[in-house]
Amino acid sequence: MANILDSIGIGENVLDGRAAWKYAEDILLQVSRTFALNINVLKGKLHRSILLAYLYLRIADTVEDDPDMKASEKETVLGLFAEIFKTAELREDAVMAFEAALPESWRKSDHPYMNLCLHTHVVVPLLKELPEKYAAPVRAVTIEMCHGMAKFALRQEAALSSGWFTLESVADLDEYCYYVAGIVGKLLTNLFAADTCLIGDARKAEMQKLDVSFGLALQVANIVKDCVEDSSRRVCFVPEEICRRHGFAHSYEMFNVPMGVADEVRADFNSRRAAVMGELVAKAWKHLDDAIAYTKLIPGIKMRTRLFCLWPLFMAAENMKLIGDGSSLFASEKKVKITRDTVKKIIKSTTAHFYSDRWIEKNYSKLRK
């Protein structure tokens, strides 16, 4: 695939365009653990616009996550990437400038994230094949996410100089989640409305009241599920203000298990950190409530669009049910997450009942309790 696509530039013929789309479809499966499943349930222009949006945001996220780049470099590179999307022309010189600014070490890497970044010239021109009502929201969300990621990269570097990246307040958490997920909810509303005349202005306005929360539902659920894993790289998204309410001076103290202490001291420690995570679990459930309400606003006839939303929401809800009050997160070295059988069950049941708001509400409520 790489050998074929190395020859693909911008403004190629139809045959090369097909090869470029094949690259986009193939690389999606390599850079996404679960979201590819949701994207691939979609068809047509909606599928292609969300596919491209995901790849563009993955490129930005790869830059932001690089452990070797300084924050100032990330700010520059993310700015170059955002520059590509400032006009509908998606200028070739802007694409070339971005690729030229990528670290030299990436050119020797086999990692699919780096491969995708180095094939920006393949995936960016594909957006010009879509009608403007699909392309414009994708450009807008990519620019906004780049600016948000650059902001948090600078903040993270400053924080890591003291040992850990942490967030002070719930407001800081909300802002972070907005840039990495909430704006995706806004994107989806615009693309869903572009894809059907059944979402008129009034229905779209109702969806816009909930779409940021839709994105936050999935992000907060992931933060809860991944908190122990994140701690291994000295990152904690659990707000400090929540931790202080339960007797921790800093969020990262939750991961420093006291040794050689009395059983009651250890039990108190475990109880307090479960209470911290319990607050985040409750926050995730609140956003999931909004996300379910959002999904029910999608016309019942739009099977694929509803399934695109229902699958990750029910998976997140199943994970939150499994995590419960938060204590299970620290009870074992194994990560708490749902099984493949549960995923299959979600896909089968929602596919059979996607159109029924009553079924959705009933089955979500069972998990909520």
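The values are calculated or read from the model by the stated rules, or taken from the named source; none is laboratory data. Computed from a prediction, not measured in an experiment: that's the story for all the values here. Backbone-built Cβ (ideal geometry, glycine too); neighbour counts: all protein chains shown.
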### Query
Taking His121, is it in a helix (DSSP H, G or I), closer than 22 Å to Glu99 by Cβ and either at pLDDT below 95 or more than 20 Å from the chain's Cα centre (by Cα) (or both)?
yes
### Query
Which residues, counting only those in the range 318-352, are without any contact (Cβ under 8 Å) to a residue 12 or more places away in the chain and over 20 Å from Ala282 (Cα atoms)?
Ser332, Glu333, Lys334, Thr339, Arg340, Asp341, Lys344, Lys345, Lys348, Ala352
#### Entry: Out of Glu104, Glu99, Glu129, Glu89, sole residue that is without any contact (Cβ under 8 Å) to a residue 40 or more places away in the chain, closer than 15 Å to Tyr56 by Cβ and of a type in the set (Asp, Glu)
Glu99
### Message
Pull out all pairs, ordered by first then second residue, where Cβ-Cβ is under 8 Å, the residues are six or more apart or on different chains, the first lies in the range 246-259 and is modelled with pLDDT under 90, and the second is β-branched (Val, Ile, Thr).
### Response
Pro258/Val265
#### Entry: Scope the range 165-195; condition more than 17 Å from Ser251 (Cβ to Cβ) and among the hydroxyl-bearing types (Ser, Thr, Tyr); matching residues
Tyr178, Tyr179, Thr189
#### Entry: Filter result (surrounded by fewer than 16 Cβ atoms within 10 Å (Cβ to Cβ) and either outside any loop (DSSP other than H, G, I, E, B) or touching a Cys at 6+ places or on another chain (Cβ under 9 Å) (or both)) within the range 254-269
Asp263, Glu264, Val265, Arg266, Ala267, Asp268
### Message
Go through the range 272-291 and report how many residues are β-branched (Val, Ile, Thr) and under 15 Å from Lys369 (Cα atoms).
### Response
1
### Scan of the range 311-344 for residues that are surrounded by 14 or more Cβ atoms within 10 Å (Cβ to Cβ), over 13 Å from Ala221 (Cα atoms) and of a type outside the set (A, V, I, L, M, F, W, C), ordered by number
Ser327, Thr342
#### Entry: Condition check for Phe192: under 24 Å from Glu75 (Cα atoms) and buried (at least 17 other Cβ atoms within 10 Å of the Cβ)
no
### In the range 69-85, the residues that are among the aliphatic types (A, V, I, L, M) and within 22 Å of Val122 (Cα to Cα)
Val77, Leu78, Leu80, Ala82, Ile84
### Query
Can you tell which of Arg48, Arg58, Arg33 is among the basic types (Lys, Arg), modelled with pLDDT under 95 and under 19 Å from the mean Cα position of the chain (by Cα)?
Arg33
### Summary
Lys186 meets each of (1) surrounded by 21 or more Cβ atoms within 10 Å (Cβ to Cβ); (2) assigned by TED's automatic domain parsing to the domain that holds Ala284 with one exception, condition (1)
### Query
Of Arg155, Arg139, which residue is more than 19 Å from Ala24 (Cα to Cα) and either of a type outside the set (Asp, Glu) or part of a loop (DSSP other than H, G, I, E, B) (or both)?
Arg155
### Query
Taking Val281, is it β-branched (Val, Ile, Thr), surrounded by 17 or more Cβ atoms within 10 Å (Cβ to Cβ) and without any contact (Cβ under 8 Å) to a residue 60 or more places away in the chain?
yes
